[in-house]
Amino acid sequence: MKKIFKNLFAFVFVLALCMLAFPGIKSWAKTYHIKTADDLRSVAADLNGKYYLDKDINLGGGKEWKPIGTDEAPFTGKFYGQGHNISGLKITTTEYNAGFFGVTKGATITKLSVDGKIKNVDTYAGGIVGHATGKTVIKYCISNVLVSGSHQIGGVVGRISDSSMEYCMNLNTVKASGRGCGGITADLYPSGTLKKCLNLADVSGGYDITGGITGGSTAGTVSGCVNKGNVTSTGGRIGAIAGDNASYAGARYWNYFYKTDEVNSHLNAIGSNCGIITSAKSKKITNLKKKIMKVFK
């Protein structure tokens, strides 16, 4: 009996220490409710947890954000934004994997919007995730993050690797000086899917593969996406939807982009049933935006 009480006491003691270590987070069976900026920072302590964002949070104060998840220890859990916004994201780094999440693997991220600025990144940067791998699923996410760097720079996700995005939207400028730049993601490599995503901001690429939705697509699928932003680059392959416009570069269908004498005038739509939009108020733009926005508070 004494041994049982001793073990029970040890368990309660360890549990109490965990609760003290992560104030504000109520957890049970790896389920967490996020209510403060400190709660958000504590997500890195359990990369396989299930998280619910219960309110809008401002990271504020100009404090540098440390992306959640690395190549060695990626975020593998589930993050449910529940239609809430994280603002004040600030990342200034010359390293890899910059975003609210740095690297994800087999994760689920839904109904989350992020505002802020990411700059000077070497490779893999996006407002929501730097590098999404291993069948990560990203749905109904919005990036209002100005993202800039050298290679593999995307509005929402830097690179999609064997993962998927659906009903995601980018609202802020994306700039890359090197290879790989896209309004939603810089690349789908070696494969992945983008469905019904919307880019509303300008995309300024470097010396190769720049696109309004994705820079490269390799064996990936891009369908039902719309690009309103102006796409430019310093050289290399460029496209209104995907920069890698070769016939072998994945499947593309039902994608549209905005084109006038001043915007995207030098670009064409590639793929089956793809085309152009001549009005910035086109229903293809407004209807897709409404579908994405309907989950946000």
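The values are calculated or read from the model by the stated rules, or taken from the named source; none is laboratory data. Please read all numbers here as calculations on a predicted model, not as lab measurements. Ideal geometry is used to build each Cβ from the backbone, glycine not excepted, and the neighbour counts take in all protein chains shown. Quick note on the areas: whole protein, heavy atoms, side chains included, nothing else; ligands and nucleic acids left out. Shrake-Rupley method; radii C 1.70, N 1.55, O 1.52, S 1.80 Å.
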Per residue Cα convex hull volume for segment 95-135, in cubic angstrom?
50
Once both label points are put 7 Å beyond Cα along the C-beta direction, the ASN58-VAL263 separation in nm becomes 3.1
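What percentage of the solvent-accessible surface of the chain, computed with a 1.4 Å probe over protein heavy atoms, is contributed by carbon and sulfur atoms? Write out the running numbers ahead of the final one.
Values: 7300 of 13260 Å².
Roughly 55 percent, rounded to a whole number.
Using the crude model of +1 on Lys and Arg Cβ and -1 on Asp and Glu Cβ, and no other charge, please compute the dipole size for segment 62-169 relative to its Cα centre, in debye to 20. Display every interim value, and only then the final one.
Working: 11 positive and 8 negative charges, 56 e Å.
With Lys and Arg at +1 and Asp and Glu at -1, about 260 debye.
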Mind checking which of SER148, TYR189, VAL222 is farthest towards the positive end of segment 141-297's charge dipole, using Cβ charges of +1 (Lys, Arg) and -1 (Asp, Glu) about the Cα centre?
VAL222
Note the angle between two axes, namely the Cα long axis of helix 2-21 and the longest principal axis of the Cα atoms of the chain, as a number of degrees from 0 to 90, rounded to the nearest 10.
40
Starting from the Cα coordinates of segment 232-283, work out the convex hull volume and express it per residue in Å³.
75
Counting only heavy atoms of protein chains, what accessible area per residue, in Å², does the chain have with a probe of 1.4 Å?
45
Once you've got the GNM for the chain with C-alpha springs shorter than 10 Å, pick whichever of GLY116, GLY182, GLY205 has the biggest mean-square fluctuation.
GLY116
The chain, Gaussian network, Cα under 10 Å: of ALA240, ALA37, ALA176, the residue fluctuating most is ALA37
Ranking by accessible area, most exposed first, for ASP208, ASP56 with a 1.4 Å probe
ASP56, ASP208
Taking only Cα atoms, what is the 0 to 90° angle, nearest 10, from helix 283-293's long axis to the longest principal axis of the chain?
0
Given the protein chains as shown and a 1.4 Å probe, how many square angstrom of LEU200 are accessible, to the nearest 10?
50
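For the chain, what does the convex hull of the Cα positions come to per residue, in cubic angstrom? Write out the running numbers ahead of the final one.
Numbers: hull volume 36.6 nm³, N = 297.
Dividing the Cα hull volume of the chain by its residues yields 123 Å³.
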Kirkwood Rh for segment 51-138 from C-alpha pairs, in Å, is 12.9
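Please list THR92, THR110 from largest to smallest accessible area, probe radius 1.4 Å, with all protein chains kept in place. Mind dumping the intermediate values first?
On the way: THR92 60, THR110 25 Å².
Of THR92, THR110, the descending order of accessible area is THR92, THR110.
Using the structure shown, list the pairs from LYS90/LYS175; LYS63/LYS175; LYS66/LYS294; LYS66/LYS195 with a Cα-Cα distance above 25 Å, or answer none. Walk me through the intermediate numbers first.
Values: LYS90/LYS175 16 Å; LYS63/LYS175 23 Å; LYS66/LYS294 30 Å; LYS66/LYS195 29 Å.
Check vs 25 Å cut-off fails for LYS66/LYS294; LYS66/LYS195.
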Sort segment 50-196 into rounded, prolate or oblate with this rule: let a ≥ b ≥ c be the square roots of the eigenvalues of the Cα gyration tensor; rounded if a/c is under 1.5, and if a/c is not under 1.5, prolate when a/b is larger than b/c, oblate otherwise.
rounded
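With every protein chain kept in the model, how would you rank TYR124, TYR207 by accessible area, 1.4 Å probe, largest at the top? Write out the running numbers ahead of the final one.
On the way: TYR124 40, TYR207 120 Å².
Result of the area sort, largest leading: TYR207, TYR124.
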